[in-house]
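Have a look at the structure below, then the notes.
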Amino acid sequence: MASHAPAEANTFPKLLVHNAQARGHKPALRHKDLGIWQTWTWVQVLDEVRAFAVGLAEIGVKRDDKIAIIGANKPRLYWAMCAAQSLGAVPVPLYADSVAEEMAFVLEHAEVTVAVTENQEQVDKIISVSDRLPRLKHVIYDEPRGLRDYDHSRLTWIDDVQQKGREKLADPAALAQWEKSVADGRGGDLAIILYTSGTTGRPKGVMLTQDNVLISARNGNLFDDLGEDEEVIAYLPLAWVGDHIFSYAQSYVAGFCVNCPESGETVVEDRREVGTTYAFAPPRIYENLLTLTMVRMEDAGTLKRRMFHFFIGFARKWGEKILNKEKVPLHARLIYWLGEILVYGPLKNRYGLSRVRVGYTAGEAIGPEIFRFYRALGINLKQLYGQTEASVYITAQPDGEIYADTVGKPNIDVEVKIDDSGEVLFKSPGVFVGYYKDPEKTAEAKTPDGWVRTGDAGFFDARTGHLKIIDRAKDVGHLTDGTLFAPKYIENKLKFYPNIKEAVAYGDKRDYVAVMLNIDLVAVGSWAERNNVVYASYQELAGHPLVYAMIEKHVDEVNRSLVEEGAMAGAQIKRFLILHKELDADDGELTRTQKVRRGFIAERYQPLVTALYDGSTEADISTEVTFEDGRKGVIAARVKIRDMTPVPYQKAAMEKAA
């Protein structure tokens with residue numbers, strides 16, 4: 001059962017003190033370091049945070065200061081958030097994989113005075129842009145490796161900051177002062193500034209109060225009955241609102257344990273070890289797991305491969321019904337039980353999802369086929385719809401009401417409506433204060449009577465009462481003949497295939513739909529090895545005629561599925577190409593949350609977009625790329641364009657069905 005903290009515990013520091021008193025010796029946080037799990041109880045976390053906070057005060061941090069948090073999911077970075085909040089300062093997490101230029105914008109815009117970083121890599125990025133950051137007075141780091149010979153006049157190890165705090169706390173007056181600072185905190189205080197991923201331009205700083213975050217987290221816990229015995233693994237970017245709610249806020253509210261993996265590469269293995277009960281991942285994670293599974297099964301022996309495909313096919317037919325406790329024939333239950341022993345159980349164990357009681361996906365739409373695959377295995381995977389501006393929760397799927405094509409019903413204390421243009425609007429306790437230093441954008445997003453415009457187009461399904469999201473409102477359009485064009489819907493259908501990693505569809509105000517594709521190097525590379533296709537680079541593999549022939553079959557299957565869907569029949573893909581390079585966040589083509597920046601890509605690859613619509617069979621393109629060390633380079637290629645034969649359909653009948 002979800003436990004409830006007292007109402008007066010209305011800030012993170014107050015909740016920390018409450019948890020240390022109420023469940024002091026229960027694990028609050030774990031971190032795997034050098035293969036060994038280190039554990040901190042709530043009492044120990046309180047001690048660490050208090051020392052950190054007083055140490056920060058000693059180096060000049062005061063109320064309303066902005067404190068940047070930069071790095072992977074590490075205990076000390078989470079403690080830095082609460083330590084800052086206990087002083088009345090405001091944490092500003094940044095994406096750890098941001099290049100220095102992106103960091104400079106946020107650090108400057110947020111007026112950051114102190115940055116708490118993970119390691120030398122992050123310190124180096126800050127130093128490279130330090131001349132643009134006159135307000136930044138101090139940089140604190142977690143891992144000292146490689147930093148010994150740096151100028152330490154404004155650079156300090158976290159251990160030394162905490163040691164200063166502990167020495168100060170030897171004076172009872174210092175402890176009393178910190179406790180007073182915590183007690184002075186209010187629910188209306190600014191708790192955090194989270195910058196959006198910048199899909200359409202510069203990131204915006206979303207200001208959330210303690211009440212925004214904690215009431216939303218509490219309602220989320222109530223919705224899924226989350227209590228102090230949950231186990232969660234924290235691996236999502238600290239700067240993303242999803243991690244802030246699922247790995248920080250809900251843990252403080254319910255008192256459950258958060259587990260920090262050894263590295264991004266060990267998440268699945270670490271998730272298996274801790275036995276995660278409450279899981280969250282954006283669709284891309286589930287897509288990648290499924291891709292790796294399918295690739296490995298193609299390399300398996302004939303008997304194992306046939307057994308896998310038989311039981312997966314059987315699970316697709318009966319798995320969800322069994323999960324939903326519907327009436328199922330005895331023979332089907334017996335076969336499914338056998339499949340659990342031979343296939344489903346080992347798969348869930350491999351994914352680290354054997355103990356998951358509640359699993360969520362959000363961030364963008366997940367392909368219905370991918371969603372159903374996981375539920376067919378018996379995993380209680382659900383969808384929710386949320387935004388940073390909502391402190392995550394807008395809608396979620398209640399148990400027993402899970403549909404692949406909806407995102408659920410309004411969450412606790414949330415109101416949702418659809419305006420005349422089809423845009424989704426919401427009201428909730430999680431509604432953000434505004435965008436930091438941007439009243440114009442705030443006024444665009446928030447109506448005078450308190451509703452927030454999501455920018456997404458959707459409608460309530462009459463059959464289920466659940467919300468359906470079509471696409472970003474600005475992206476939904478029509479072909480010149482009036483056919484509905486929803487690019488994300490088409491892109492998700494394409495991305496169901498393990499061989500297709502990314503898709504960008506165009507068609508609004510044009511005669512037909514055309515798409516640019518990225519192949520998945522792991523999946524297609526494995527296929528190439530099995531089919532004796534020799535290649536030396538991603539670019540060479542992407543342009544191979546046999547790869548084009550394989551992708552053409554996938555595109556044809558998508559077209560056939562569109563014909564079955566009424567109004568979308570006329571939005572079949574007429575032409576496609578395979579890009580010569582992978583879309584990359586460092587090149588500005590994706591956001592840091594891996595969302596396609598459609599407008600930017602259209603400009604960057606204008607010669608290819610033009611060729612898709614002028615009848616060309618190939619086009620030349622030169623693209624600047626950014627390497628991991630920050631150096632620039634250019635990739636040039638001649639990209640082939642493939643025409644598709646449209647699937648016949650009766651237009652009048654389709655319009656009537658729509």
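Here are a few things to note about the model shown:
- Reported count of residues in region 37-54, each being closer than 13 Å to N259 by Cα and either among the hydrophobic types (A, V, I, L, M, F, W, C) or at pLDDT below 95 (or both), is 2.
- Of all residues in region 128-153 being of a type in the set (D, E, K, R) and surrounded by 15 or more Cβ atoms within 10 Å (Cβ to Cβ), the one that is nearest to V112 (Cα to Cα): K137
- Qualifying residue in region 368-378 (condition: touching a His at 6+ places or on another chain (Cβ under 8 Å), of a type outside the set (D, E, K, R) and more than 25 Å from V596 (Cα to Cα)): no
- Residue match in region 412-420 (condition: modelled with pLDDT under 90 and in a loop (DSSP other than H, G, I, E, B)): yes
- Region 313-335: number of residues that are more than 23 Å from R357 (Cβ to Cβ) and of a type in the set (V, I, T): 1
- Residue match in region 577-599 (condition: under 19 Å from A486 (Cβ atoms) and assigned to a helix (DSSP H, G or I)): yes
- Of the helices (runs of 4 or more DSSP H) that lie entirely inside region 10-110, those containing 1 or more residues that are outside the structural domain of D587 (by TED's automatic domain parsing), among the polar types (S, T, N, Q) and farther than 27 Å from I127 by Cβ span 12-22, 42-58, 75-86.
- In this structure, P329 does not satisfy being farther than 22 Å from V476 by Cα and outside the structural domain of M297 (by TED's automatic domain parsing).
- Any hit, region 485-505, residues being at pLDDT 90 or above, surrounded by fewer than 17 Cβ atoms within 10 Å (Cβ to Cβ) and either over 23 Å from R598 (Cβ atoms) or in contact with a helix residue (DSSP H, G or I) (Cβ under 9 Å, 6 or more places away or on another chain) (or both): no
- Residues of region 279-335 classified as of a type in the set (V, I, T) and within 30 Å of the chain's Cα centre (by Cα), total: 6
- Yes/no for V452 being assigned by TED's automatic domain parsing to the domain that holds M550 and either closer than 21 Å to A602 by Cα or crowded, with 19+ Cβ neighbours inside 10 Å (or both): no
- Answer from E364, E369 - the residue that is over 28 Å from A234 (Cβ atoms) and either at pLDDT below 90 or of a type outside the set (F, W, Y) (or both): E369
- V295 touching a residue at least 40 places away in the same chain (Cβ under 8 Å) and part of a helix (DSSP H, G or I): yes
- Residues satisfying the stated conditions in region 255-274, i.e. modelled with pLDDT of 95 or more, within 18 Å of I285 (Cα to Cα) and among the aliphatic types (A, V, I, L, M): none
- Among the residues of region 534-560, the one identified as surrounded by 15 or more Cβ atoms within 10 Å (Cβ to Cβ), among the small types (G, A, S) and assigned to a helix (DSSP H, G or I) is A542.
- E589 passes every criterion in (1) in contact (Cβ under 8 Å) with a residue 40 or more places away in the chain; (2) buried (at least 22 other Cβ atoms within 10 Å of the Cβ) apart from (1).
- Flag for P429 being assigned to a loop (DSSP other than H, G, I, E, B) and either touching a Pro at 6+ places or on another chain (Cβ under 8 Å) or under 26 Å from I578 (Cβ atoms) (or both): no
- Exactly one residue out of R333, R355 is buried (at least 16 other Cβ atoms within 10 Å of the Cβ) and among the basic types (K, R): that is R355.
The values are calculated or read from the model by the stated rules, or taken from the named source; none is laboratory data. Just so it is clear, the structure is predicted and the values come from calculations on it, not from any experiment. Backbone-built Cβ (ideal geometry, glycine too); neighbour counts: all protein chains shown.
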